[in-house]
Amino acid sequence: MKLISEKGVKRLLMITAFSAISALLLIALFIINEGLPFIFKYGLKEFLFSSDWQPHLGKFGIYPMIVASLWVTLGAMLVGAPLGVAGALFLSEYVPKSVMNIIKPTIELLAAIPSVVYGFIGVMVLAPIIRDNFGGPGLSLLAGSIILGIMILPTVISISIDSILAVPRSYREGSLALGATTWQTIHMVTIKASKSGIIASIILGMGRAIGETMAVIMVAGNSVNIPHSPLDSVRTLTANIALEMSYATGLHRQALFATGVILFIVIIILNSIASVAIRKRMVKK
Amino acid sequence: MESKITVRNKIEVSNLDLYYGKFQALISVNMSIQQNMITALIGPSGCGKSTLLRCLNRMNDLIHGVKITGEVLLDGTDIYHSTMEVTGLRTRVGMVFQRPNPFPLTIYDNVVYGLRVAGIRNKKESDEIAEKSLKGAWLWDQVKDKLDHSALELPLDQQQRLCIARLLAVKPEVILMDEPCSALDPIATMKIEELMLDLKKDYTITIVTHNMQQASRVSDYTGYMLLGEMIEFSDTKIIFTRPSKKLTEDYISGKYG
């Protein structure tokens, strides 16, 4: 009897485990199945590198959206990565543990704020500030970058702190015992020992930034154009899909799925570059 | 060996009390550590011997809620005085830890770590000091062809000697060793002990050990501690042959501990 229930539990867990993987596979298959035929029909080069996005005329060039997505993500990294890593270092190395144990969960709460609320704050607070101080429409690449940079903070900080705290105390003690200051210990030993975790936190933040949709739609302005300055209004790949899916039909709808395919591929490429970078450094070490 | 070097107190500890919060871990400890001698601290676990050792280069500063009263004089200067620079102190009084703790860097970068910390970047000077330090720790022949390999690839006993080499590079005056052989096998232990006897020429060494045989083999002076108190501190030969206190004798003879 016991043996049977034991096997039953194993089966059940296996099915549940596979359901997650199969969901991933099904989503990938579905998007590719819907989007890939369009890419073949329309031509990959035309689709990727034409700046002409006029669905009613049958023109589907997503180049501006690709550029916008990359810039917004890069901007978010420039804002979020240094702030996040510096915050993680401060909390894990300079602040007493009891204080960190309060602040860290508080920062993680940032991740629980719905993205629409971030977007709301971006529209109401950030965009006017940018418009009044730097000009332009306010709803812009810059606004999107800043909002996304803040949104990825909990990811970067939380995972960075975990990896910094995982550095054995003996490394720190060894360094301090050789006459190093706290900061020397941090940048000569601690960061090096926790490098892969810190890079992983930035990659995960990057994944979140490039995939974020709602907040970006609200603050980035959404005009289809290649940005020439951070103050320009832009539309990202995700925003493009979300904005048009509700009324798209036929070829237009397929083009949006194809946009999803490209997004998928861009994320895979970014992640691969990052993990290759990690591996290279490890080998060097 | 017989030609007595002029005996000089390198470190003097007087009336040292240490509290972890409300718990008193060291109770009015007195001890003098003589130059170019090996001083061993023995006693059962939790007796405060490591805590005492860590007072000598202020590593206890790192622990939250530690309060220290009393004096620790290094060459006559109180290391707990407010004008004492802790980083400078720690290069004068270096430490080897219980578990070998090389940094996750190359062997070379480990050895020159202390130089980098002190701001020395000169390649030639670094190379010379690295070679000298590795030779001093009897590690040069094993690692000279793989200085750019990760230190973590080395076997444990070589890692421990690398930690000693890394310390020698900053030219300390005193070397504190906190159970340096507890992670090592008997042969590696023997090697470290021989190395200690060799280093004694140039350095003052204080070692914490739970291994009484080790204390009797290498040390010139031994302090026996129990529950935060220095029960007896004397010539090693005396401690191990005719201790003056009953408590010491009980521990040495293995009645408990």
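Data overview
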read-out: 14 Å beta-carbon shell around B:LEU184, net charge (K/R +1, D/E -1); value: -3
read-out: Kirkwood hydrodynamic radius (C-alpha pairs) into Stokes-Einstein, segment A:206-275, 10 °C and 1.306 mPa s, D in µm²/s; value: 122 µm²/s
read-out: In order through segment B:28-43: 3J(HN,Hα) via Karplus (6.51 cos²θ - 1.76 cosθ + 1.60), integer Hz, x for Gly, Pro; value: 6, 7, 10, 6, 10, 10, 9, 5, 6, 10, 9, 10, 10, 10, 10, x
read-out: Separation in nanometres of the label points that stand 7 Å from Cα toward Cβ, at B:GLU194 and B:ASP141; value: 0.9 nm
read-out: Rg over Rh [alpha-carbon atoms, Kirkwood Rh] for segment A:2-43; value: 1.42
read-out: Greater than 32 Å apart at Cα, pairs in B:LYS49/B:LYS200; B:LYS49/B:LYS144; A:LYS192/B:LYS146; value: B:LYS49/B:LYS144
read-out: In Å, descending, principal axis extents of the Cα set of segment B:128-210; value: 34, 27, 16
read-out: Taking B:ILE175, B:ILE238 and counting other C-beta atoms within 10 Å, the order from fewest to most; value: B:ILE238, B:ILE175
read-out: Antiparallel bridge percentage (DSSP; both residues within the protein assembly as shown; nearest 5); value: 60 percent
read-out: Isotropically averaged projected area of segment A:116-191, using the convex hull of Cα atoms (one quarter of hull area), nm²; value: 7.1 nm²
read-out: Full-stretch length increase - A:LEU26, A:VAL99 - with 0.36 nm per residue and alpha-carbon distance subtracted; value: 21.8 nm
read-out: Descending semi-axes in whole angstrom, ellipsoid equivalent of segment B:179-257, from the Cα gyration tensor; value: 23, 15, 11
read-out: Antiparallel bridge percentage (DSSP; both residues within chain B; nearest 5); value: 60 percent
read-out: Å³ per residue enclosed by the Cα convex hull of the protein assembly as shown; value: 247 Å³
read-out: Amide H partners (placed H, <5 Å) of B:ILE207, local residues excluded; value: B:THR39, B:ALA40, B:LEU41, B:MET177
read-out: Solvent-free Debye scattering, log10 I(q)/I(0), computed from the Cα coordinates of chain A at q = 0.08, 0.15 Å⁻¹; value: -0.45, -1.16
read-out: Vicinal HN-Hα couplings computed from phi for segment A:225-236 (Karplus, 6.51 cos²θ - 1.76 cosθ + 1.60; Hz; Gly/Pro x); value: 7, 7, x, 9, 8, x, 8, 6, 6, 9, 10, 8
read-out: Diffusion coefficient, µm² s⁻¹, Stokes-Einstein with Kirkwood Rh over alpha-carbon pairs of chain B at 10 °C and 1.306 mPa s; value: 84 µm²/s
read-out: Using alpha carbons only: equivalent-ellipsoid semi-axes of segment B:58-157, gyration tensor based, whole Å; value: 31, 17, 12
read-out: Per-pair calculated FRET efficiency, R0 = 30 Å: A:SER275 and A:GLU108 via Cβ, rounded to 0.05; value: 0.75
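Quick note: the coordinates plus some simple rules give every number you see, no bench work behind them. Note that this is a predicted model, so its numbers are computed, not measured. With ideal geometry, Cβ positions are generated from the backbone for all residues, glycine too; neighbour counts draw on all protein chains shown.
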